[in-house]
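These notes are about the structure you will find just below.
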Amino acid sequence: MARILTAGCALAFILLIFLLPSDHFHTGIAHAEWSADDLATLRHLRLSTDALAEKNKTNELLFRADAIALGRQLFHDTGLSGSGQISCASCHRPEAGYQDTEFITYKLDPQTAHRAPGILGAALQDWFFWDGRADSLWSQALAVIENPKELASDRVRAVRHLCAQYKKDFPALLKNCRGLSAARGEDIDRMFVTLGKSIAAFEAAELLPPVSRFDRYVDALDAGNYAEAAALLNDKEVAGLKLFLDPMVGCVNCHNGPMFTGSGFFAVATDMPGQLEHDRKRGVELLLDSEFNCLKWSTAADCPKLQYLLTDSAETAGAYKVPSLRNLRHAPFFMHDGRYRSLEAVIEHYRSPATLPLRHIDIRPAPLLPHQRKQLLAFLEVLGSGDFNKEQQ
Amino acid sequence: MQAEMQAMSRRLLSIVLVCCVFWGEARAALPQIVAKLDGPVSATVNQFYELPLKVSDANGVGLPGLNLQIRGRMPEHSHGLPTTPRISEKGEGRYLIEGVSFSMPGRWVIEILLDNKLLLRQELTVKF
């Protein structure tokens with residue numbers, strides 16, 4: 001009898017845990033009661049463009065109005081592709097938060113091991129592509145143009161198109177087009193770099209994330225306006241934010257900074273046998289070989305990331321760049337290879353990551369109960385709550 | 001850039017690692033190590049830091065020409081530094097470690113090795 005009673009009590013307790021509304025389980029924190037450390041972290045995560053100049057130090061065309069205007073046109077220009085049919089905007093669709101909602105990544109290369117991410121706020125990050133094989137936004141654009149599985153063109157063709165199409169409208173930027181017929185390889189390279197830097201200048205000026213409800217919430221906390229804070233995030237979303245910051249869950253360890261990515265590389269149990277050539281380990285090799293890496297175009301003092309690059313480490317195997325968590329509203333798929341179609345599936349992955357034997361892994365299972373997974377999801381949706389097109393108008 | 005990094009280093013992370021190495025009668029014996037730390041033991045994520053290091057004998061005389069290495073790790077996680085720092089000699093037993101960066105908030109351990117043997121272990125807290 002005693003055994004039955006004990007078992008009954010245990011069962012009732014377990015049922016209680018799962019059946020009670022989630023609000024019973026977060027601490028119901030008053031908005032005025034964030035600790036000083038938590039507030040410092042919240043401020044650290046608030047959207048800011050202060051780092052633009054530092055992150056794009058090797059792009060002297062940053063903030064130049066003519067480069068921004070040229071970059072805007074180039075971003076949509078199908079003439080930069082070998083087929084003449086696709087542009088940057090094909091995979092980074094303006095009407096869908098610059099996400100690849102039409103799955104063009106897969107249409108171009110059905111065997112692709114990675115997907116095109118959303119690029120709002122790319123100019124506020126370090127390292128580009130999932131393996132970080134580009135160390136500047138401008139060199140990322142150039143690599144796409146010459147990738148046979150992406151825009152599938154080449155620099156000579158791209159520079160010829162640049163001069164033919166834009167020389168008249170952008171004389172100061174494209175003055176070297178005059179000697180194009182006699183241009184040598186290095187002249188072509190320089191003009192190709194101007195093309196990349198113009199696209200990057202456009203991204204840095206116009207493709208920034210909108211201010212989200214989270215950012216306004218931190219503003220309200222800073223102003224001591226707790227009534228406004230309470231109106232901005234509901235209890236469930238605040239509970240999700242608390243989980244996001246919780247060291248036991250660990251999200252903020254990698255997803256930090258104003259873009260919710262520290263631009264680091266971590267192995268999160270997403271590498272697959274046969275696809276290892278696309279990880280950070282391979283990215284480092286490609287970066288060092290790249291004709292457009294920082295050290296080839298700038299002084300060593302401007303390239304600390306490359307000067308002190310982590311090269312000889314087992315930790316780069318199976319590691320991919322940490323993506324931003326802002327503006328996932330339109331994101332059609334998640335993780336470097338697009339294996340998940342929902343944020344619920346991503347959270348489930350972190351709750352129970354599959355590991356390979358003898359492989360370095362940077363995460364531990366996040367102990368999240370079902371109602372906590374919903375709270376975390378609610379918070380992530382807060383980060384994509386800005387209406388990009390509306391705020392750009 | 002170098003000047004900026006030096007200034008940042010002085011301002012934010014005035015860590016001076018002083019290693020007093022007492023060489024015993026026999027070189028084979030493990031040296032007695034005394035480490036002295038000045039200034040706050042904290043840093044910010046994703047910034048570059050320089051760590052000045054001095055290695056001296058028991059009488060405070062600097063030891064130049066040592067084969068030093070650096071490594072860093074997070075004890076609560078399974079990873080090390082996100083960069084490959086470099087150590088250069090500055091004369092009279094002074095060394096400068098450049099390119100130290102921390103990819104994650106929390107407790108980090110920095111270890112200085114002499115001929116691949118542990119010389120000094122230093123903890124620091126990294127914050128946002």
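Annotations for the structure displayed:
- Checking each residue in the stretch A:257-273 for being hydrophobic (A, V, I, L, M, F, W, C) and surrounded by 21 or more Cβ atoms within 10 Å (Cβ to Cβ) picks out A:Met259, A:Phe260, A:Phe265, A:Phe266, A:Ala267.
- Within the option set A:Asp109, A:Asp131, being closer than 16 Å to A:Ser263 by Cα, touching a Lys or Arg at 6+ places or on another chain (Cβ under 8 Å) and either open to solvent by 30 Å² or more (accessible area, probe 1.4 Å) or among the acidic types (Asp, Glu) (or both) holds for one residue only, A:Asp131.
- Residues located in the stretch B:67-111, provided they are surrounded by fewer than 19 Cβ atoms within 10 Å (Cβ to Cβ), within 14 Å of another protein chain (Cβ to nearest Cβ), of a type outside the set (S, T, N, Q) and under 13 Å from the mean Cα position of the chain (by Cα): B:Arg71, B:Arg73, B:Arg86, B:Ile87, B:Leu96
- Qualifying strands (runs of 3 or more DSSP E) (wholly inside the stretch B:44-125; at least 2 residues being of a type in the set (A, V, I, L, M)): B:49-57, B:68-73, B:94-100, B:106-114
- Any hit, the stretch A:286-305, residues being in a loop (DSSP other than H, G, I, E, B), among the acidic types (Asp, Glu), free of Cβ contacts under 8 Å to residues at least 40 places away in the same chain and open to solvent by 30 Å² or more (accessible area, probe 1.4 Å): no
- Within the span defined as the stretch A:312-332, every residue fails to be under 19 Å from A:Lys57 (Cα atoms), in contact with a Leu (Cβ under 9 Å, 6 or more places away or on another chain) and touching a residue at least 12 places away in the same chain (Cβ under 8 Å).
- Subset of the stretch A:53-100 [assigned to a loop (DSSP other than H, G, I, E, B) and in contact with a His (Cβ under 6 Å, 6 or more places away or on another chain)]: A:Ser87, A:Gly97, A:Tyr98
- Test result for A:Cys254, hydrophobic (A, V, I, L, M, F, W, C), within 13 Å of chain B (Cβ to nearest Cβ), closer than 30 Å to A:Leu42 by Cβ and open to solvent by less than 40 Å² (accessible area, probe 1.4 Å): yes
- For the stretch A:170-191, the count of residues that are open to solvent by 50 Å² or more (accessible area, probe 1.4 Å) and in contact (Cβ under 8 Å) with a residue 40 or more places away in the chain is at least one.
Residue-by-condition table, conditions (1) open to solvent by 40 Å² or more (accessible area, probe 1.4 Å); (2) at pLDDT below 95:
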| position | (1), (2) |
| --- | --- |
| A:Leu15 | yes, yes |
| A:Ser22 | no, yes |
| A:Ala69 | no, no |
| A:Asp77 | no, no |
| A:Ser83 | yes, no |
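- Of all residue pairs spaced 6 or more apart or on separate chains, those with beta-carbon atoms under 6 Å, a first member in the stretch A:209-234 that is surrounded by fewer than 21 Cβ atoms within 10 Å (Cβ to Cβ) and a second member that is in a helix (DSSP H, G or I) and aromatic (Phe, Trp, Tyr) are A:Pro210/A:Phe388.
The values are calculated or read from the model by the stated rules, or taken from the named source; none is laboratory data. Keep in mind the model is a prediction, meaning the values are calculated, not measured. Because the Cβ atoms are built from the backbone with ideal geometry, glycine has one as well, and the counts that use them run over all protein chains shown. Accessible surface is based on the protein model in full, side chains and every heavy atom, while ligands, DNA and RNA are left aside. Shrake-Rupley method; radii C 1.70, N 1.55, O 1.52, S 1.80 Å.
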